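K.L.:
Before we start, here is the structure in question, set down as structure tokens.
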């Protein structure tokens, strides 16, 4: 079905498409990825011939989020290539998707062309192509060539997500080749970039357990295995595909913080998760733990204001916001607005839209 002939796109309202396209780019920059997907889709609907929207929409749908759709992404890249057959980003996107769909025969030439012709400035797209091609080569029994492409994707100029993925994938290949002395530094580099990378902890635990000849190495292997177990369980509970059991998730966050005390960001992750789940009472307790450990920072005051507002205490929340602004006068307006959005979300039965907007104006004034 995906390879059925496609009709050339018709002309549309390019002005409306351009507006939605800019909205999508802004949402992506703000890490509002679901909103970005919706805005790209509206741009394509407004003008099916809007080439940039199709390409960026396709790349957004490749991302491993709940909106991921490789079939729809492939459709966007194929239509883009009908519009402009030699567009290198469309070629790269189609090659990446076909690789993920295990269509190796057609993926490899597309990826090789993209890597040969994409400009050096397209570091993110080049890294994605290198990783996709390396995955194909590793699965096709060409590990040495795969390692070369993983190394290209893990260079210092590459985006952190691509660097981490390339390092972990290359470490897995090296472990299969029985070269753990090369794999271990790659895993440790990956964890310096992304401390909570689930697969990196798993592979490091496996590697350490294989060469555990002393108590210290065995202890580190057991610790890495425990961190991996808790991170994997958290990932499953945070996924929309699983039951959102907030009590279980909070327990997992706390167990992980105990097993991994040097990771100071875990309590921050816990309170943000509690806020996202409308557990404002639990968030206030976690903020108290953060303040006891780190003191009153601008970030802990902001998290405390969100939890306090969500609990219905708008006066207390405003006092915390004012304390935050004394520590950091350059806080953007949207950070303050987030406190009021939690207030509205946690008290939807009593806070209507008009009251919310009036309070926003009172708090932000001309900001």
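K.L.:
On the given criteria, is residue 188 assigned to a helix (DSSP H, G or I) and within 24 Å of the chain's Cα centre (by Cα)?
P.N.:
Against the criterion (assigned to a helix (DSSP H, G or I) and within 24 Å of the chain's Cα centre (by Cα)), residue 188 qualifies.
K.L.:
Okay, next question. Residues 257, 323, 250, 281: which one is farther than 27 Å from residue 195 by Cα, free of Cβ contacts under 8 Å to residues at least 60 places away in the same chain and surrounded by 15 or more Cβ atoms within 10 Å (Cβ to Cβ)?
P.N.:
The conditions single out 323.
K.L.:
Considering every residue within segment 229-247, establish whether at least one is in contact with a helix residue (DSSP H, G or I) (Cβ under 9 Å, 6 or more places away or on another chain), closer than 30 Å to residue 291 by Cα and in contact (Cβ under 8 Å) with a residue 40 or more places away in the chain.
P.N.:
For segment 229-247, residues in contact with a helix residue (DSSP H, G or I) (Cβ under 9 Å, 6 or more places away or on another chain), closer than 30 Å to residue 291 by Cα and in contact (Cβ under 8 Å) with a residue 40 or more places away in the chain: absent.
K.L.:
Could you check how many residues of segment 148-171 are more than 16 Å from the chain's Cα centre (by Cα) and modelled with pLDDT of 95 or more?
P.N.:
Residues that pass the stated criteria total 12.
K.L.:
Let me ask something else. Does residue 312 meet the test of being within 28 Å of the chain's Cα centre (by Cα) and either under 20 Å from residue 363 (Cβ atoms) or assigned to a helix (DSSP H, G or I) (or both)?
P.N.:
no
K.L.:
Taking segment 117-147 as the region of interest, how many residues are crowded, with 16+ Cβ neighbours inside 10 Å and under 16 Å from residue 103 (Cβ atoms)?
P.N.:
6
K.L.:
Of all residues in segment 213-232, which are part of a helix (DSSP H, G or I) and surrounded by fewer than 19 Cβ atoms within 10 Å (Cβ to Cβ)?
P.N.:
Within segment 213-232, 215, 216, 217, 218, 219, 220, 222, 223, 225, 226, 229, 232 qualify.
K.L.:
Of 262, 258, which residue is assigned to a helix (DSSP H, G or I), under 25 Å from residue 224 (Cα atoms) and at pLDDT below 95?
P.N.:
Being assigned to a helix (DSSP H, G or I), under 25 Å from residue 224 (Cα atoms) and at pLDDT below 95 holds for just one of 262, 258, which is 258.
K.L.:
So which of 317, 354, 349 ends up being more than 24 Å from the chain's Cα centre (by Cα) and at pLDDT 95 or above?
P.N.:
Exactly one of 317, 354, 349 is more than 24 Å from the chain's Cα centre (by Cα) and at pLDDT 95 or above, namely 317.
K.L.:
Pull up segment 73-84, narrow it to residues that are in contact with a helix residue (DSSP H, G or I) (Cβ under 9 Å, 6 or more places away or on another chain) and surrounded by fewer than 18 Cβ atoms within 10 Å (Cβ to Cβ), then point me to the one that is nearest to residue 150 (Cα to Cα).
P.N.:
Looking at residues that are in contact with a helix residue (DSSP H, G or I) (Cβ under 9 Å, 6 or more places away or on another chain) and surrounded by fewer than 18 Cβ atoms within 10 Å (Cβ to Cβ), I get 84.
K.L.:
While we're here: Inside segment 260-272, can you point out the residues that are surrounded by fewer than 22 Cβ atoms within 10 Å (Cβ to Cβ) and within 23 Å of residue 332 (Cβ to Cβ)?
P.N.:
265, 268, 269, 272
The values are calculated or read from the model by the stated rules, or taken from the named source; none is laboratory data. Note that the structure is predicted; figures quoted are calculated from it, not measured. Counting neighbours? That spans all protein chains shown, and the Cβs are built from the backbone with ideal geometry, glycine included.
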